[in-house]
Amino acid sequence: MRHGEESVQWPVTLLGLAGYLSVVGYAVAGVFQILVWNPLAAVPGATLDEIHAVMDRANESLSAPVVLVWAATGTLLAAAVLIATLKQSISIKVTTVLYLLLLALGAPSHMMASFPAGMGIADAFATSGGDHAPWGVMLYIVSALAFLALPVVAVSRNRPEAPGV
């Protein structure tokens, strides 16, 4: 290892871990939004078990497998970026762009993953299929901010490496 290489690796490692944890956090929050928080907000006063029972009788579901595949896909993509980052296969800028892209794509993919659950709730309880809990909006705000940051990061100049690194 050359002098200074270890000090350059730490920021890259921290960026990789921060990006990975951000995407995982988004996925976990998205799963809870679709499968727990939104159903409870859509049917105030009912427990999740009661909601599931009514949905089962109406031959509806929250489509948990779809939601879990959505979350796993984002998490696996973020893990691939983390591995490439830790192996120094990609630059800090590319790492940042990829994590921002994953977060930006979270909103449209979350909408697609939540659609079956929302329709199931709407059909079983004669309500709207949209978000009833506020956390979906928070996820969309995170995605919007990531989307806005993408071009800023993408067109920024790379910083020259320090001499001897």
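Would you check which residues across the stretch 43-58 are within 18 Å of GLN33 (Cα to Cα) and β-branched (Val, Ile, Thr) and list them? Outline the logic, then answer.
Going through the stretch 43-58, the residues within 18 Å of GLN33 (Cα to Cα) turn out to be 43-52, 55.
Those that are within 18 Å of GLN33 (Cα to Cα) and β-branched (Val, Ile, Thr): VAL43, THR47, ILE51.
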Within the stretch 95-114, residues surrounded by fewer than 16 Cβ atoms within 10 Å (Cβ to Cβ) and either more than 12 Å from the chain's Cα centre (by Cα) or farther than 19 Å from ALA29 by Cβ (or both) come out as MET112
Per the list (1) surrounded by 16 or more Cβ atoms within 10 Å (Cβ to Cβ); (2) in contact with a Gly (Cβ under 9 Å, 6 or more places away or on another chain), residue check on SER128 breaks on (1)
Which helices (runs of 4 or more DSSP H) does the stretch 1-95 wholly contain that include 2 or more residues that are of a type in the set (S, T, N, Q)?
5-32, 64-86
Filtering the stretch 52-66 down to residues that are crowded, with 16+ Cβ neighbours inside 10 Å and without any contact (Cβ under 8 Å) to a residue 24 or more places away in the chain yields HIS52
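Read-outs: derived from the displayed coordinates by stated rules, not from any lab. Note that the coordinates shown come from a computational prediction; the quantities given were computed from them, not determined experimentally. With ideal geometry, Cβ positions are generated from the backbone for all residues, glycine too; neighbour counts draw on all protein chains shown.
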